[in-house]
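First comes the structure, then the notes that go with it.
The values are calculated or read from the model by the stated rules, or taken from the named source; none is laboratory data. In this text the structure is predicted, and so the values were computed from the model without any measurement. Cβ sites come from the backbone with ideal geometry, for glycine too, and all protein chains shown count toward neighbours. Each accessible area value is taken on the protein alone, full model and side chains, heavy atoms only, with ligands, DNA and RNA left out. Shrake-Rupley method; radii C 1.70, N 1.55, O 1.52, S 1.80 Å.
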Amino acid sequence: MHISILKRTAGLLTWINSCTTTPDSCTETVKLNDGNEIPYVALGCWKSSPEDTYNAVLTAIKSGYKHIDTAHVYQNEESVGKAIKDSGVPREELFITTKLWCTNHRDPLTALNGSLKRLGLDYVDLFLVHWPVPLKKPTSDADEQFFVMRKDDPTKFDNDFDWDFVKTWELVQKLPISKCKSVGVSNMSVTNLKTLLNAPSTTKVPACNQVEMHPYLPQHALLEFCQENGIQVQAYSPLGSTGSPLLKDETILELSKELGISPATLVISWAVNRKVVVLPKSVTPSRIESNLSIVQLPDDVMEKISLIYKTHPQRLLCRDWGVPVFNDEIET
Ligand SMILES: NC(=O)C1=CN([C@@H]2O[C@H](COP(=O)(O)OP(=O)(O)OC[C@H]3O[C@@H](n4cnc5c(N)ncnc54)[C@H](OP(=O)(O)O)[C@@H]3O)[C@@H](O)[C@H]2O)C=CC1
Ligand SMILES: O=C1Nc2ccccc2C1=O
């Protein structure tokens, strides 16, 4: 069996080689700072409709994915849960991530229980604080109102300025392990991570930091900081998200042609070669399957991809959150 071969091999790059012919081996995992193992490749679920999500998750699990990334705000947790159940794959063989939405920072346990109920699961493997931005709760008990705007200025979010992400983490780090095996953060800059790690109330280092990361935003400094501090980085929008400019980038096209692989396989492989967990989203069966293929990239190719941002620096997901979120410059 492939996995046992992998266990005997020395390092990541050894098994990456074999993935071109045996996609099963791409379920290789990396150990988190709490001892849990996370598979390198996950199916992303943002923007997938409930029906598409169900089909995509089922296809993914049947293709060999062990890791699914969803969130309360994606409004498709029910579909993820149903597909998991219908796949027939034992729960303990899968790694499921969901996230705490901004309006629930004061009560993560209730939010986690809500996600578990929608997923139909007893536990998630990873629960992430989605953004370091507490927002006021909606006044009605509309659970699905995710963006509360200010009454005096409806273009701005109604920030909960009497709360902050350090207080949120104080609660998240104490969530019962029986309901979430690992806890982490998302969209955390180095500046905000330093604030979190230096806070007297912080007793647990986040297991993961899920951030936007692709060749136009390689986040070299953030990756180095997280690796030095035992925080596993996860790359979101690794393909450049919907209508990606990245997959049409000249250098990416040239390199993928040279290597005889697709642009998507090239950028996903670049992430894994950097020891970054990667979350490509697709609702297209052929892409779901091919996104699981990882190849070993030569050093010079890694370097070329890592330098593309110098001429094309681009953050795709930016909005004014009302508090500092992206407070580290894109290095150019
Ligand atoms: N923590 C956070 O704040 C955030 C987390 N995320 C997570 O990261 C995941 C991935 O990021 P996301 O922004 O969705 O975008 P991705 O970078 O994964 O890109 C998804 C787009 O690429 C297309 N695509 C997928 N595979 C291929 C392929 N092989 N060739 C060509 N096109 C392809 C998809 O089309 P199609 O589906 O039609 O096949 C879709 O349009 C999210 O789904 C979510 O789980 C994302 C944003 C923020
Ligand atoms: O992952 C995300 N999906 C979203 C949709 C709308 C606004 C923010 C987000 C995310 O952070």
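Tabulated values for the structure
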quantity	calculated
Leading residue at positive end of dipole, the chain (Cβ point charges), from Y54, M149, L116	L116
Net charge dipole size for the stretch 183-288 [Lys, Arg +1 and Asp, Glu -1 on Cβ; Debye, nearest 20]	320
Shape of the stretch 249-332, Cα gyration tensor, a/c cut at 1.5	oblate
Structure-based [θ]222 nm, the chain - -39500 (n - 2.57) summed over DSSP H runs of at least 4, per residue, nearest 500	-10000 deg cm²/dmol
For L135, residues with placed amide H under 5 Å, excluding near neighbours	T103, N104, H105, D160
Pairwise centroid distance, computed over Cα atoms, of the stretch 79-105 with the stretch 231-256, Å	25
Packing-based ranking, highest mean first, of 293-300, 29-36, 88-95, 267-274 given that Cβ atoms within 10 Å are counted	267-274, 293-300, 29-36, 88-95
Centroid-to-centroid separation of the stretch 25-56 and the stretch 176-224 [C-alpha atoms, Å]	18
For V233, distant residues with modelled amide H under 5 Å away	N209, V277
Rg to Rh, two decimals, where the stretch 82-171 supplies the alpha carbon set and Rh follows Kirkwood	1.06
Rh (Kirkwood; distinct C-alpha pairs) - the stretch 55-204, Å	16.3
Cross-link partners of K174 among lysines (Cα-Cα below 25 Å; sequence separation of 8 or more within a chain)	K31, K99, K117, K136, K137, K194, K204
Dimensionless Rg ratio for the chain, taking C-alpha atoms and the 2.2 N^0.38 Å reference	0.96
Summed residue charge, Cβ within 11 Å of S237's Cβ, Lys/Arg positive, Asp/Glu negative	+2
Probe 1.4 Å, protein heavy atoms only - accessible area per residue of the chain in square angstrom	45
From phi via Karplus (6.51, -1.76, 1.60), per-residue ³J(HN,Hα) for the stretch 40-56 in Hz, x at Gly/Pro	5, 10, 10, 8, x, 10, 5, 6, 8, 5, x, 5, 4, 4, 4, 5, 5
